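Novice: First, the structure itself, so that you have it in front of you.
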């Protein structure tokens, strides 16, 4: 299956926050911790301040840990987004979304049953339209810093088969 020894990774990226975002997270953590303590050095207030300081840092790291990978096995190409897996056999189209189309896909054009994995610091992505009668999900919208590369990795096997 997907964990086959003869699988090969075609594409990989992680939705990590850019380095410029970390000073803002650290500033918010410092302000929140300072406001929670207000100079009181009793042990429970200091402990609460440390936890309040750590929460935004852990949250930002947790949001950025999501991997996006395209893996080719002997018989199928799979898209892995965090724990979700999608075989390319159920995909009918992969569309690259520029900034405007991506914003629209996440707002006014979003279908209520769509599968969405997005991060606010990534302004582009792909829409992967499904053709699976067993699945009510019409499409996936996935953030990507390189949506053209992701689309190419997903559609390369289909283009080889068409030739």
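The values are calculated or read from the model by the stated rules, or taken from the named source; none is laboratory data. Since this is a predicted model, take the numbers as computed values, not measurements. Please note: Cβ atoms are built from the backbone with ideal geometry, for glycine as well, and neighbour counts cover all protein chains shown.
Novice: Condition (residue is in a loop (DSSP other than H, G, I, E, B), more than 16 Å from residue 13 (Cα to Cα), touching a residue at least 60 places away in the same chain (Cβ under 8 Å) and out of contact with any helix residue (DSSP H, G or I) (no Cβ under 8 Å at 6 or more places or on another chain)) applied to segment 72-95: is it met by at least one residue?
Specialist: So far as segment 72-95 goes, yes, one or more of its residues are in a loop (DSSP other than H, G, I, E, B), more than 16 Å from residue 13 (Cα to Cα), touching a residue at least 60 places away in the same chain (Cβ under 8 Å) and out of contact with any helix residue (DSSP H, G or I) (no Cβ under 8 Å at 6 or more places or on another chain).
Novice: Same structure, new question: Are any of the residues in segment 42-58 surrounded by fewer than 17 Cβ atoms within 10 Å (Cβ to Cβ), outside any helix (DSSP H, G or I) and not assigned by TED's automatic domain parsing to the domain that holds residue 121?
Specialist: The answer is yes; a qualifying residue exists.
Novice: Wholly within segment 110-153, which strands (runs of 3 or more DSSP E) include no fewer than the required count, namely at least 2 residues that are in contact (Cβ under 8 Å) with a residue 40 or more places away in the chain and either within 16 Å of residue 99 (Cα to Cα) or in contact with a strand residue (DSSP E or B) (Cβ under 8 Å, 6 or more places away or on another chain) (or both)?
Specialist: Counting at least 2 such residues, we get 125-130, 139-143.
Novice: Moving on. Here is a check on your reading of the model: is residue 63 surrounded by 14 or more Cβ atoms within 10 Å (Cβ to Cβ) and under 30 Å from residue 34 (Cα atoms)?
Specialist: Criteria met by residue 63.
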